[in-house]
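Written below as structure tokens is the structure these notes are about.
The values are calculated or read from the model by the stated rules, or taken from the named source; none is laboratory data. Note that the coordinates shown come from a computational prediction; the quantities given were computed from them, not determined experimentally. Because the Cβ atoms are built from the backbone with ideal geometry, glycine has one as well, and the counts that use them run over all protein chains shown. Ligands, DNA and RNA are excluded from the accessible area calculation, which covers all protein heavy atoms including side chains. Shrake-Rupley method; radii C 1.70, N 1.55, O 1.52, S 1.80 Å.
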Amino acid sequence: MTDFAVPSGQAPRKSFREVWLITIGHALTHWYPATFYLLLPLIGNELGLSYVQIGSILTTQALCGAISNIPGGLLVDSVGRKGLLMAISLFWIGAPYLLMGFSYDYWLLLTCAALVGIGNNLWHPTAIPLLAQHFPDRKGLAVSIHGMGGNVGDAVAPFVAGALLGYLTWRQVVVINVIPGIAMAVLLLVLLGGMQSKPRAATGNVARPKRSFNDVLRDFRTLLQNRVLIFLCASSVFRSMTHGGLMAFLPIYLAREMNYSPLWIGAAMAALQTAGFIASPISGHLSDKMGRRQIIMSSMGVTAVIIAFMIMAGQSSAFVFFIAFLGFFFFSIRAVLQAWLLDATPANMGGSAIGVLFAIQSLGSSIGPLVCGAIADSYGLLATFYFLVATIIVANMFIFFTPPPAEEPRYAQAPAE
């Protein structure tokens, strides 16, 4: 029987077609929040929200994701039908955003944000380990292609939304926005609804039957002792603070300090994500060849320098010029972090490991916008970027101290029992 690690016959080609379908679904999970970032200034103006209240909407979404990600990862590892879980996740993300389009109340917005955070936790623990199992020798590249879908959604959505806002209200844009996500959820259910993860033993034979939830819980306790997991999660907390603060307040800075129209704000955010889209497969491939640590540390270091240049540029046109360079280095390493974690994790605990990582990232994303909002209310919008420089530097420090690759296989090759 041919193992997924051996790229021969027709299996890899079939699997790669599935990669592209899953990647499109991933793009739509990012489409909704990417549009919402652009709509936040308009929602804030209409409802009279302060910077702290605007930040709290994203904080609520990220915090609920942090709380639900670990249970979601455990659920993924104990449920066989991965395609069904991905379809449910995509539908669950879109429905609350549709409800936001009919909301006139701040507290209802918070409730919808909480539901989005809960629904989003099913996608990544399902899709990322599944792809890594299909391409164990090229997981950096495979996971980065999946990450490209997120970059496409993040890049195209604000540009499309910015153009639509020239003709429609933000509420009408929200309603229109839901249609492709629902259609893709149905497509995933039809084409991949029965798709399952089939972990294999080191000998190439099929591993033991599906585990019970108690088996997953038992292995999860061992997973939490993984030093690579601990250090990568610590780094991810601070990196996601940078991400959350940047995505929440960069559009607001462009709108209120530089007087950009929604169309040009959307174009700037699209440039940020397009650069990440270009860089993601490059960094994924290089991480397979050169090692994860080298790629992540260099990218984070350059990110800190670019944000510092943005601060010095202030309200000049150079500020916008640096945005694309920021995206190229900052967004290129998400998949590399995920691949590094899966390198150090047993295949049958991949969903739980990714769940822990995304829970930690959600925690950081919940802190970032709130802290940036408080800084902006007290010291001005530009001051938030000082905080972002500090967080990305701390994130890089944890990467530096992450245990070397020689320590990882001892756990990654542990028996599946």
Of all residues in region 227-263, how many are open to solvent by 10 Å² or more (accessible area, probe 1.4 Å) and either farther than 27 Å from Phe36 by Cβ or not in a helix (DSSP H, G or I) (or both)? 9
If you scan region 88-117, which residues turn out to be open to solvent by 60 Å² or more (accessible area, probe 1.4 Å), in contact with a helix residue (DSSP H, G or I) (Cβ under 6 Å, 6 or more places away or on another chain) and of a type in the set (Phe, Trp, Tyr)? Phe91, Trp92
Looking at (1) open to solvent by 10 Å² or more (accessible area, probe 1.4 Å); (2) more than 15 Å from Arg256 (Cβ to Cβ); (3) modelled with pLDDT of 80 or more, can you tell me which one Thr29 breaks? (1)
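Would you mind stating whether Leu382 is farther than 21 Å from Phe322 by Cα, in contact (Cβ under 8 Å) with a residue 24 or more places away in the chain and assigned to a helix (DSSP H, G or I)?
Numbers: farther than 21 Å from Phe322 by Cα: no; in contact (Cβ under 8 Å) with a residue 24 or more places away in the chain: yes; assigned to a helix (DSSP H, G or I): yes.
No: the conditions fail for Leu382.
Condition check ((1) touching a residue at least 24 places away in the same chain (Cβ under 8 Å); (2) buried (at least 19 other Cβ atoms within 10 Å of the Cβ); (3) within 22 Å of Ile393 (Cα to Cα); (4) touching a Lys or Arg at 6+ places or on another chain (Cβ under 8 Å)) across all residues:
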{"site": "Met269", "(1), (2), (3), (4)": "yes, yes, no, no"}
{"site": "Phe277", "(1), (2), (3), (4)": "yes, yes, no, no"}
{"site": "Ile295", "(1), (2), (3), (4)": "yes, yes, yes, no"}
{"site": "Ala308", "(1), (2), (3), (4)": "yes, no, yes, no"}
Answer yes if at least one residue in region 343-351 is touching a Pro at 6+ places or on another chain (Cβ under 7 Å), under 24 Å from Ile118 (Cβ atoms) and of a type in the set (Gly, Ala, Ser), and no otherwise. yes
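Determine which member of the set Gly301, Gly350, Gly266 is touching a Gly at 6+ places or on another chain (Cβ under 6 Å), assigned to a helix (DSSP H, G or I) and of a type outside the set (Val, Ile, Thr).
Values: Gly301 fails: touching a Gly at 6+ places or on another chain (Cβ under 6 Å); Gly350 fails: touching a Gly at 6+ places or on another chain (Cβ under 6 Å).
Within the list Gly301, Gly350, Gly266, the selection yields Gly266.
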Of the conditions (1) touching an Asp or Glu at 6+ places or on another chain (Cβ under 7 Å); (2) closer than 18 Å to Asn69 by Cα; (3) open to solvent by 20 Å² or more (accessible area, probe 1.4 Å), Asp343 satisfies every one except a single condition; which number is it? (2)
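Residue-wise test of (1) modelled with pLDDT under 80; (2) outside any helix (DSSP H, G or I); (3) closer than 26 Å to Leu363 by Cβ.
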position: Gly25; (1), (2), (3): no, no, yes
position: Tyr37; (1), (2), (3): yes, no, yes
position: Leu42; (1), (2), (3): no, no, no
position: Gln53; (1), (2), (3): no, no, yes
position: Ile57; (1), (2), (3): no, no, yes
position: Ala62; (1), (2), (3): yes, no, yes
position: Ala66; (1), (2), (3): yes, no, yes
position: Pro96; (1), (2), (3): no, no, yes
Flag if Leu337 is open to solvent by less than 40 Å² (accessible area, probe 1.4 Å), touching a residue at least 60 places away in the same chain (Cβ under 8 Å) and part of a helix (DSSP H, G or I): yes
State whether the residues of region 247-255 include one that is farther than 30 Å from Ile296 by Cβ, of a type outside the set (D, E, K, R), at pLDDT 80 or above and touching a Pro at 6+ places or on another chain (Cβ under 7 Å). yes
Take the residues of region 381-403 that are open to solvent by less than 60 Å² (accessible area, probe 1.4 Å) and over 29 Å from Gln53 (Cβ atoms): which is modelled with the lowest pLDDT? Pro403
Taking Ala155, is it open to solvent by less than 50 Å² (accessible area, probe 1.4 Å) and either modelled with pLDDT of 75 or more or of a type in the set (A, V, I, L, M) (or both)? yes
Tally of residues being under 19 Å from the mean Cα position of the chain (by Cα) and open to solvent by less than 10 Å² (accessible area, probe 1.4 Å) across region 357-380: 6
